Every structure is written in structure tokens, then in C-alpha cells.
Amino acid sequence: MSEVKEFKGLSKEEIKKFEFLSDKYADDTFKCIRCSYCQAKCPSWEEFGWVSHSARGRIQTARGIVEGKLRPSEYMLRAVFTCNMCDYCLLKCPAGLPTTDIIRALKHDLAKQGYYVGVHKKLVERIQKYGNPYGEDPAKRADWMKEE
Amino acid sequence: MREEILRELEKIVGEDDVSTDPVEIYVHSRDSALFQGFADVIVRPESTEEVSQILKLANDYKIPVYPRGSGTSICGGPIPVLGGIVLAMYKMNRIIEFDRENLMVTVEPGVICDDLNEFLAPYGYFFPPDPGSSNAATIGGMVGHNAGGMLALKYGTTKDWIQWLEVVLPGGKVIRTGSNTLKSVSDYDLTKLFCASEGTLGVVTKIGMRVAPKPKYYRTVLFYFDDLRKAGNAIVNVRSSGVVPAALEIIDRISMKTAGEYTGMDLPEAEAMLIVQTDGLVEEQVQREIEICFEAAKKAEPIEWMMAETEEERNKAWAIRKACFPALARKAITTIIEDMCVPITKIPDALVEIQKIPERVNNLVSIGTYGHAGDGNLHPTFLFDERDPEEREAFFKATKILYDEVVLPRGGSITGEHGIGIARSKYIPKQLGKETIELMKGIKKVFDPNNIMNPMKGKPYGDEAIIPEI
Ligand SMILES: Cc1cc2nc3c(=O)[nH]c(=O)nc-3n(C[C@H](O)[C@H](O)[C@H](O)COP(=O)(O)OP(=O)(O)OC[C@H]3O[C@@H](n4cnc5c(N)ncnc54)[C@H](O)[C@@H]3O)c2cc1C
Ligand code: SF4
Ligand code: SF4
């Protein structure tokens with residue numbers, strides 16, 4: 001169910017935490033002319049049908065972070081992490097933007113600050129707790145050998 | 001926006017098709033122009049019935065509604081300047097019927113132009129209006145701005161192919177304009193009134209259009225001129241030769257240089273390049289027509305020319321023209337394409353004046369120009385950095401010079417195909433006069449008495465339009 005949401009951006013300090021994005025790709029996010037050439041056949045756009053889940057939307061989301069008008073949210077994570085990095089947008093962009101690199105940087109900076117989607121969260125928790133992504137007890141690691 | 005209105009919207013289209021998330025609102029806050037505005041909610045209707053219910057609700061509560069296709073407008077057309085509802089037509093993207101015998105196709109507004117042509121190609125037909133953005137622009141958006149392209153000289157613009165429209169008016173009433181028949185004078189040509197109405201009168205929900213047989217043969221010739229005036233003479237000569245070429249395009253020195261570097265092609269030192277193309281179903285005729293154009297243009301003393309004999313040569317000839325925009329777009333942070341029109345005899349003079357504009361604003365912007373010489377529609381493309389207040393100011397000053405000193409004194413139009421939206425609102429009274437604006441305001445009132453449809457945009461409001469922040 002949708003509700004009226006507060007529109008709050010990031011402070012300068014918070015933007016700095018998006019270091020990969022702001023150091024390397026800030027200019028590129030502004031260079032996006034919003035032509036949508038990258039959108040029509042973006043697989044996640046075809047699947048979800050919301051601009052946020054398309055190539056254009058993700059580059060704009062990156063700009064929203066860099067210019068301090070958007071802050072991370074569950075919705076943003078879903079929109080960004082449903083990109084499958086297929087490079088279609090990279091081939092289509094008339095402005096020559098490194099679209100997938102920008103999206104990768106955005107994913108990286110989000111994850112580094114602890115924002116990841118549910119499935120990643122589980123993986124990180126397991127790695128932190130067990131040292132592996134499967135959630136298995138490390139003591140049992142060699143068990144399979146004994147059976148033989 | 002009140003929660004109960006969101007609940008009503010959800011009842012109409014379903015929860016999944018309503019979004020108030022800041023990310024969604026933000027990515028719908030701009031088009032390809034400079035301005036920004038934030039809606040309260042984005043709604044994705046799926047049928048005329050849903051659009052009708054939304055417009056009834058919006059009218060009852062006097063909530064602004066902004067129809068949106070792909071948001072590729074370059075004038076601020078679909079930007080929500082007063083909050084309210086962005087009506088995203090993404091899900092209404094069906095090709096409903098192709099009536100091959102009557103050469104008619106019926107589509108929903110969200111169909112992308114290239115997708116329609118991909119559908120028509122196996123049957124040997126095409127929808128001729130060809131904006132550079134055809135891989136993104138929706139047919140609804142093309143109606144909204146009456147989009148055109150390189151083929152407009154021979155094939156016209158969007159309005160020339162639309163037979164009828166289904167439109168939902170504020171309040172929810174569904175009307176139909178025009179007719180299935182080629183001839184019909186039963187209405188005040190409401191179909192054409194909606195073409196280029198920029199979403200200010202109603203929401204287009206179905207479009208009945210004619211299609212044309214796809215040409216089988218093409219001939220292309222390319223000319224270089226060392227003097228813009230000679231290129232201008234060539235344009236006039238070709239236009240008065242008796243042949244209507246499919247395309248007649250011009251590229252100025254700066255765009256040529258940038259596009260040459262971008263494509264790695266070695267181009268002669270010249271002030272302008274012209275491309276002429278003829279097309280058709282009968283090879284001999286297409287060939288004869290290009291020969292006539294060739295002789296006509298040659299009288300204007302080009303320094304070099306190239307008759308493209310093979311498809312490969314033709315692609316090479318077009319590569320430079322097609323590279324103009326992407327090559328320029330890579331040169332700066334901000335790229336804004338302008339859309340002026342002048343009578344064809346005034347093109348050389350206008351190009352000379354455009355090249356002087358950067359100096360007048362301390363070279364804080366640069367401009368490359370290319371465009372549709374055959375109909376006088378030029379696209380000076382402005383390069384600058386919108387983040388720098390001085391450069392931004394210089395851009396607005398430069399466009400003011402463009403309209404006030406180049407376009408309007410030469411009897412031109414401030415926009416040929418991109419629309420008024422926000423960007424050109426203050427120049428309409430100068431082109432058309434206050435009385436025409438008043439009349440347009442009156443027309444707007446008849447369709448939309450509560451001013452909910454894309455409110456306070458330039459077309460009916462002229463210099464009273466709202467200019468939001470950047
Ligand atoms: C790189 C680039 C190149 C371009 N080249 C050209 C060109 O060569 N020729 C040209 O003409 N244009 C060109 N354009 C401009 C733009 O692509 C066209 O105006 C296009 O038709 C807009 O389509 P859209 O689907 O993006 O519409 P939007 O931008 O979403 O909307 C355009 C207008 O139509 C209204 N609208 C949209 N759908 C409906 C509907 N269903 N009912 C009522 N109103 C509606 C909107 O409110 C808005 O005012 C170019 C743009 C870019 C970025
Ligand atoms: S790389 Fe991501 S954003 Fe780009 S087209 Fe593929 S899925 Fe879409
Ligand atoms: S193609 Fe490039 S410039 Fe166009 S919207 Fe996508 S990222 Fe932006």
C-alpha cells in the first residue's frame with residue numbers, strides 16, 4: 001500500500017560515503033541526457049515496468065544520491081540490485097556513459113554502507129558468523145571426507 | 001496528497017500500479033530538458049476505463065495530472081510542476097489492430113515508435129514520422145508534441161498520419177475525434193488540435209493511424225561547401241527543382257568536426273555539409289530524382305561531393321549526420337538540443353548568426369548546429385555545465401539571443417517539433433501575440449475548466465507559465 005512519503009536527501013557528509021560513485025562517476029551522472037535510448041529493452045524494465053528499475057532510472061538514482069536529493073531505501077535497493085549487468089544500456093547510450101560501471105559503483109557504495117537486499121544480507125550474516133555463505137558449522141567442514 | 005486519494009487510485013488501478021516512493025518520484029521529475037518538478041504519485045493505468053476513472057477523481061479533487069510517455073521531451077513537457085499525478089502510460093502499449101487493406105493501424109499510446117515499425121516491416125509498411133528518439137519515444141508522446149524527423153519534408157509529421165483519436169477528458173468523459181476514412185470534415189479537426197497539445201487538453205488512449213508502403217530504393221548524395229551561403233543556395237535550388245527529396249539535411253562546421261572526430265572519418269575542411277536522399281518503389285524514378293537534385297545543388301558550387309552508389313556508401317554518408325548528436329553530447333556535462341525553424345531562404349544567415357552567439361556569452365556555452373534544411377528546422381545544440389551558475393545563466397542568455405535576434409526577426413518559429421513545455425513558454429507571446437494566447441487559454445478552458453491537465457505549461461499560458469527550479 002502506498003503512503004505519502006517524506007522526501008529527504010543526503011547531507012554532504014553522507015554523500016561522501018558514496019565514495020566510488022562520487023569520486024569516479026559524479027560527472028557522468030549529470031551527463032545523462034535522459035534520452036531513454038537505454039530503456040526500451042532493458043530486461044529489468046521489461047520485467048518490472050517502473051523507470052526506477054530501468055537503466056535510465058538507475059543512472060538518475062545515482063545522480064539523485066550525488067546531488068543530495070535521494071537517500072537509500074529498501075525500494076532503492078530493489079531498483080538498483082535488480083540490474084543484471086547485461087550491458088545493453090552500455091551499448092545504447094549515445095552520451096557514451098559507462099552505465100554499468102556507474103551502476104556497479106552504486107551497488108558497491110550501498111553494500112559497503114550495509115545496505116543490501118535480503119538475500120545478500122543473509123550471505124553477509126552467514127559469512128560473518130560461519131566464515132562461509134552456506135551457514136554451515138566450520139567444524140564440520142571436513143565431515144564429507146570421513147564418510148568416504 | 002491525502003491518503004484517501006491514494007486509496008482511491010489503488011482501487012482503480014491496483015496497489016502495484018501506484019507508487020509514492022521518493023526514488024520513483026525522483027526518476028519521473030525530469031525529461032531531457034533542464035527543469036525539475038516532483039509529483040505526489042506515479043500511476044500506471046492499463047485501460048481507457050482506468051484512465052477515465054482517474055481523470056474523474058482528479059477532476060473532483062482538482063488534482064493536476066501529467067500524461068507521460070518515455071519522458072524524452074526536451075522542453076519540460078511532462079514535468080510535474082505543481083505536484084499531483086504522473087499518468088505513466090507504460091502499460092498501455094498494445095498494437096491493437098493492423099488493417100492491411102485500409103492501410104490503418106490502431107495502437108495504444110505507450111507503443112514505442114521503433115516497435116511499431118518493427119511490427120510493420122514484415123508486411124512492407126512503415127509509420128513515417130521518425131524522430132531521432134524513435135527507439136524510445138512513444139506514439140502518445142509523439143502525438144503530444146507532434147514529433148517529426150528527417151523524413152518530414154516528404155512524409156510530414158505525426159499529425160499527417162493520425163486519422164482518429166480516442167481521448168479521455170478531465171471529468172472522465174471519453175471522446176473520439178476524426179474518422180477511419182481518409183476524408184472527413186465532420187469535426188473542427190479535433191484530431192489535429194490534440195496533436196501538439198502537450199497533454200494540456202486530455203489523455204490520448206487510442207490512436208488510429210495510416211501507414212505507408214516502405215520504400216524499396218534509396219539514393220543519397222553528399223555535398224561539402226566552403227561557404228554557408230552557397231549551401232543555402234543549394235537548399236533553395238533543390239527545393240525548387242520539382243523533386244521532393246525524402247531528406248535534405250545540413251550540418252555546420254562545428255558539428256561536422258566533432259562528428260568527424262567521433263567517427264574517425266576524414267572529412268574535407270568545409271563550412272557546411274548537405275545530405276540529399278530520394279526514395280521510392282520504382283528504381284528508375286528514385287535514380288532520376290537524385291540526378292535532378294544533384295544538378296540543382298551543383299549549381300551552388302560545392303567544393304566536393306559524393307554520390308553514394310552502394311548501401312555501404314549510403315551508410316557512410318549518413319554516419320556523420322547520425323553522429324552529430326552523440327558526438328556533441330560527449331563533449332560537455334549538459335547537452336540541450338534547441339528546435340528553431342526559419343524559412344529555408346534564411347538558413348545560411350541564421351547559421352552565421354548562431355555561430356556568433358557563444359562569443360556574446362563569453363564563450364561559456366558552445367553550439368553545434370545540424371538539422372532538417374529542407375523544412376528550415378535547425379537543432380542548435382548547446383553544450384555547457386548546468387552545475388555552474390554562470391554557465392547556466394549564459395545558456396539562458398544564449399537561447400534568448402537565439403529566439404529574439406535570430407529566429408523571430410526572420411519570421412521563424414521558436415519550435416518546429418520539440419514543443420513549448422516550460423522551456424519556450426516565455427517566447428510564445430513574441431511569436432504569436434497575446435490575443436492568440438488568450439484564444440488558446442479559452443480552448444483550454446472548454447476542455448479542462450479546472451485546469452488539471454498538465455497545468456501551467458507554456459502552450460495555453462505563454463509567459464504566465466510556471467518555470468520551476470533546475
Ligand atoms: C536525443 C533526442 C532526440 C530527439 N529527436 C527528436 C526528433 O528528431 N524529432 C522530434 O520531433 N522530437 C525529438 N525528440 C523529442 C522527443 O523525443 C519527442 O517529442 C517524443 O515524441 C516524445 O515522446 P515521449 O514518449 O518521450 O513523450 P514524453 O516526453 O513523455 O511526453 C511528451 C508530451 O506529450 C504528452 N503526452 C505523452 N503521452 C500522452 C498521452 N497519452 N496523452 C496526452 N498527452 C501525452 C506529455 O504530457 C508531454 O507534454 C528528441 C529527444 C531526444 C532526447
Ligand atoms: S545492465 Fe542493468 S540497467 Fe543496463 S540494460 Fe542490463 S539490466 Fe538494464
Ligand atoms: S542512454 Fe545514456 S544518456 Fe540516455 S538515458 Fe540512458 S544513460 Fe542516460
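Beyond 13 Å, what share of the Cα-Cα pairs of segment B:324-384 remains, rounded to the nearest whole percent? Don't skip to the end; give the middle numbers.
On the way: 1092 of 1830 pairs.
Result for the distance tail: 60 percent.
Between B:E393 and B:V244, the simple label model (points 7 Å from Cα in the Cβ direction) yields a spacing of 4.8 nm. Backbone phi angles across segment B:6-12, fed through the Karplus curve with coefficients 6.51, -1.76 and 1.60 (θ = phi - 60°), yield HN-Hα couplings of 4, 4, 4, 4, 5, 5, 6 Hz in residue order; Gly and Pro are listed as x.
Computed on the Cα atoms alone, the convex hull of segment B:375-433 gives a volume of 90 cubic angstrom per residue.
Panel values: segment A:1-147, Kirkwood radius from alpha carbon pairs, Stokes-Einstein at 10 °C and 1.306 mPa s, translational diffusion coefficient 95 µm²/s. Across segment B:53-73, the residues whose backbone nitrogen lies under 17 Å from the label position 7 Å along the beta-carbon direction of A:E67 are B:71-73. Spatial offset of segment B:14-66 relative to segment A:7-86 amounts to 20 Å, using the alpha carbon center of each. Within the accessible area of chain B, the carbon and sulfur atoms contribute 50%, probe 1.4 Å, all protein chains present. Multiplying the residue separation of B:E15 and B:Q285 by 0.36 nm and removing their Cα-Cα distance gives an extension gain of 91.4 nm.
Once you keep just the Cα pairs under 8 angstrom separated by 6 or more residues, what percentage relative contact order results for segment A:5-148?
Numbers: 159 pairs, mean separation 36.9, N = 144.
26 percent.
Taken residue by residue and averaged, Cβ atoms of other chains lying within 10 Å of the Cβ of A:91-97 number 4. Residues of segment B:101-128 with an amide N closer than 18 Å to a point placed 7 Å from the Cα of B:N180 along the Cα-to-Cβ direction: B:101-108. Translational diffusion coefficient of segment B:1-40 (Stokes-Einstein, Kirkwood radius from Cα pairs, 37 °C, 0.692 mPa s): 291 µm²/s.
Sorted from largest to smallest, which semi-axis lengths in Å does the alpha carbon gyration tensor of segment B:93-213 give for its equivalent ellipsoid, taking the root of 5 times each eigenvalue?
Working: eigenvalues 88, 50, 39 Å².
Listed largest to smallest, the semi-axes of segment B:93-213 are 21, 16, 14 Å.
What is the projected area of the convex hull of the Cα atoms of segment A:68-148, averaged over all directions, in nm²? Can you show the working numbers first?
On the way: hull surface 32.8 nm².
For the Cα atoms of segment A:68-148, the hull's average projected area reads 8.2 nm².
Couplings 3J(HN,Hα) for segment B:97-105, derived from phi with the Karplus relation 6.51 cos²θ - 1.76 cosθ + 1.60 (θ = phi - 60°), are 7, 10, 9, 5, 5, 8, 6, 10, 10 Hz, where x marks Gly and Pro.
Provide the three semi-axes, in whole Å and in decreasing order, of the ellipsoid equivalent to segment B:183-311 as defined by the square roots of 5 times the Cα gyration tensor eigenvalues.
Working: eigenvalues 240, 84, 48 Å².
Calculated on Cα positions only, the semi-axes equal 35, 21, 16 Å.
Solvent-accessible surface of segment B:3-90, taken per residue with a 1.4 Å probe and all protein chains present: 26 Å². For the B and A pair, go ahead and give the buried accessible area with a 1.4 Å probe, both sides summed, in Å² to 100. The contact between A and B buries close to 3800 Å². Loop-located trypsin sites (Lys or Arg not before Pro) in segment B:138-207 (DSSP state other than H, G, I, E, B) with a sparse environment of at most 16 neighbouring Cβ atoms within 10 Å: B:K173, B:K183.
If you take the C-alpha gyration tensor of the protein assembly as shown, multiply each eigenvalue by 5 and take the square root, what semi-axes do you get, largest first, in whole Å?
Working: eigenvalues 350, 187, 128 Å².
The three semi-axes for the protein assembly as shown are 42, 31, 25 Å.
Length, then width, then depth: along the principal axes, the Cα atoms of segment B:3-90 run 34, 24, 24 Å.
Over chain B, DSSP H runs of length four or greater, each weighted -39,500 (n - 2.57), average out per residue to a 222 nm ellipticity of -10000 deg cm²/dmol. Convert each backbone phi in segment B:69-79 into a coupling constant with the Karplus relation 6.51 cos²θ - 1.76 cosθ + 1.60 (shift: θ = phi - 60°), then list the ³J(HN,Hα) values in order as whole Hz, x for Gly and Pro. Rounded to whole hertz, the list is x, 9, x, 9, 3, 10, 9, x, x, x, 6.
Given in Å, the Rg to one decimal and the Dmax to the nearest whole number for the Cα atoms of chain B are 22.5, 70. Look at the alpha carbon pairs under 8 Å that are at least 6 residues apart: their mean separation over the length of segment B:3-90 gives a relative contact order of 35 percent. Of the listed pairs B:K214/B:K356; B:K216/B:K322; B:K159/B:K214; B:K91/B:K331; B:K322/B:K445; B:K346/B:K430, which have alpha-carbon separations greater than 30 Å here? From B:K214/B:K356; B:K216/B:K322; B:K159/B:K214; B:K91/B:K331; B:K322/B:K445; B:K346/B:K430, over 30 Å: B:K214/B:K356; B:K91/B:K331; B:K322/B:K445.
The values are calculated or read from the model by the stated rules, or taken from the named source; none is laboratory data. Here the structure is a predicted model, which means the values were calculated and not measured. Glycine also receives a Cβ, built like all others from the backbone with ideal geometry; neighbour counts cover every protein chain displayed. SASA here: full protein model, heavy atoms, side chains in, ligands and nucleic acids out. Shrake-Rupley method; radii C 1.70, N 1.55, O 1.52, S 1.80 Å.
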